[in-house]
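The values are calculated or read from the model by the stated rules, or taken from the named source; none is laboratory data. Here the structure is a predicted model, which is why all the values come from computation and not from measurement. Cβ: placed from backbone, ideal geometry, glycine included. Neighbour counts: every protein chain shown.
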Amino acid sequence: MFHKLSPPPPDVILQVMQQFRDDPRSDKVDLGVGVYRDATGLTPVMRAVKAAEAHLVATQDSKGYVAMAGDSGFHTAMADLVLGGVVPRERLAAAAATGGTGAVRQAMELIHTANPDARVWISQPTWPNHPALAQSAGLAWHPYRYYDAETGGVDRAGMMDDLKGARSGDVVVLHGCCHNPTGADFSESDWAEMAAFLDSRGLIPFVDFAYQGFGDGIDADAAGLRHLATRLPRLIIAASGAKNFGLYRERAGIYMVVCPSDERDTTQAMMAWLNRSSTGFPPDHGARVVTTILSDPVMQAQWQEELAEMRNRVNGLRGALATALRRETGSDRFGFLAAQKGMFSILGGTDAQIARLRDEFGLYLVGGGRMNIAGLNENTIDRVAAGIAKVLTD
């Protein structure tokens, strides 16, 4: 049987990771892997997380299963964090998942179960797993233009023109904030225009909300999503504790559905059933850490302070890199970096140029010039800027 298998296509990011590990140079810079890193290059364990875990060790008296949809306390804590109380509880169904990836996958399965003919519209570019997870769930997907490489912003005209091809009942995937991989986010007016467009055409938004708190702040980053929740009858959300709680390996994810109250109980039951037929009971440790932090005023305040430190560090690195590139190039070609949000940006560049950045300068980016801003530190910015200016402006 297994001799009939064909190898899957290589994962570009994993390839970059391996190349970086194999590189013996001490001054190499990893700008490819999409995780937050501090000034020392580590993905730290947040102080609030350590406090919550210590509390759990001291008080938790069972490691038994919780429920197929996960702990209801986790649902409530995440709903409050993401939606801020704008949706009544009787309109909200929720289920824990295995990380943000699992949340997106389970949501795709729910869409297929509810309407196998629904088409999923996905921004181009996007997180590579979006189309892969739609396809694995048996859903047809279509791209829509999103990024304007000339301005480093949103291609609003192209996006709206492409989405005119969507039909009632289709699903539109939107990044709630800190668009991955472009860093180009919607403005307040963009969210209002999108909400009106979706409503007028009977389209269902699916918001991937992986980076809450990394853009402008916890509530500011959720403003667009909350606008959709109050304006539209139905909304799908996938959220994760990986980035803003630093719980990458703990796989703390959740997906939520905002729907009319008479659809809520059936939707909730189906979400639990989908968990049962895939992972069974979802992992609980990371979810319990998040719930503990959000339920304790002292821990929550500490977490918010740490998250603000992370956000300010990334924003500071963005500004410093834009300034260094302005100095190196004598132009504002890369000025868009300072205006974008989150950890990622796209610099552009051919495969040959990306290889040259790696081979000559020890700078590791993903194809197309996608870079993780958090991979920089104050000591590497000038060298990174010099390499980018030399290669991408030749």
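A few remarks follow.
- Exactly one residue among Arg383, Arg313 is assigned to a helix (DSSP H, G or I), within 25 Å of the chain's Cα centre (by Cα) and surrounded by fewer than 21 Cβ atoms within 10 Å (Cβ to Cβ), and that residue is Arg313.
- Tabulated pairs, region 134-155, first at positive phi, second among the small types (Gly, Ala, Ser) and surrounded by fewer than 20 Cβ atoms within 10 Å (Cβ to Cβ), C-beta under 9 angstrom, 6+ apart or interchain: Gly152/Gly335; Gly152/Ala339
- Screening the candidates Ala69, Ala77, Ala97 for the property of being surrounded by 12 or more Cβ atoms within 10 Å (Cβ to Cβ), touching a residue at least 60 places away in the same chain (Cβ under 8 Å), under 26 Å from Pro297 (Cβ atoms) and in contact with a helix residue (DSSP H, G or I) (Cβ under 6 Å, 6 or more places away or on another chain) yields one hit, Ala77.
- Considering region 12-41, the residues that are of a type in the set (Asp, Glu) and touching a residue at least 60 places away in the same chain (Cβ under 8 Å) include one that is farthest from Gly368 (Cα to Cα), namely Asp38.
- Condition met for Ala52 (more than 22 Å from the chain's Cα centre (by Cα), surrounded by 12 or more Cβ atoms within 10 Å (Cβ to Cβ), part of a loop (DSSP other than H, G, I, E, B) and modelled with pLDDT of 90 or more): no
- Scanning region 367-385 for residues that are closer than 21 Å to Ala338 by Cβ and touching a helix residue (DSSP H, G or I) at 6+ places or on another chain (Cβ under 6 Å) returns Ile373, Ala374, Leu376, Ile381, Asp382, Ala385.
- Pairs where the first residue, in region 113-131, is under 26 Å from Met270 (Cβ atoms) and the second is modelled with pLDDT of 95 or more and charged (D, E, K, R), C-beta under 8 Å, 6+ apart: Ala118/Asp170; Arg119/Arg167; Arg119/Asp170; Val120/Asp170; Trp121/Asp162; Trp121/Asp170; Trp127/Asp208; His130/Asp208
- Ala272 being under 16 Å from the mean Cα position of the chain (by Cα), small (Gly, Ala, Ser) and either farther than 13 Å from Val82 by Cβ or modelled with pLDDT of 95 or more (or both): no
- Test: residue in region 320-327 that is in contact with a helix residue (DSSP H, G or I) (Cβ under 6 Å, 6 or more places away or on another chain), of a type in the set (D, E, K, R) and surrounded by fewer than 19 Cβ atoms within 10 Å (Cβ to Cβ): no
- Residue match in region 290-307 (condition: crowded, with 19+ Cβ neighbours inside 10 Å and touching a strand residue (DSSP E or B) at 6+ places or on another chain (Cβ under 7 Å)): yes
- Filtered by the rule that a residue be closer than 22 Å to Phe281 by Cα, assigned to a loop (DSSP other than H, G, I, E, B) and of a type outside the set (Phe, Trp, Tyr), region 55-91 gives Gln60, Asp61, Ser62, Lys63, Gly64, Val66, Ala67, Met68, Ala69, Gly70, Asp71.
- Selection count where residues are assigned to a loop (DSSP other than H, G, I, E, B) and buried (at least 16 other Cβ atoms within 10 Å of the Cβ), scope region 1-42: 7
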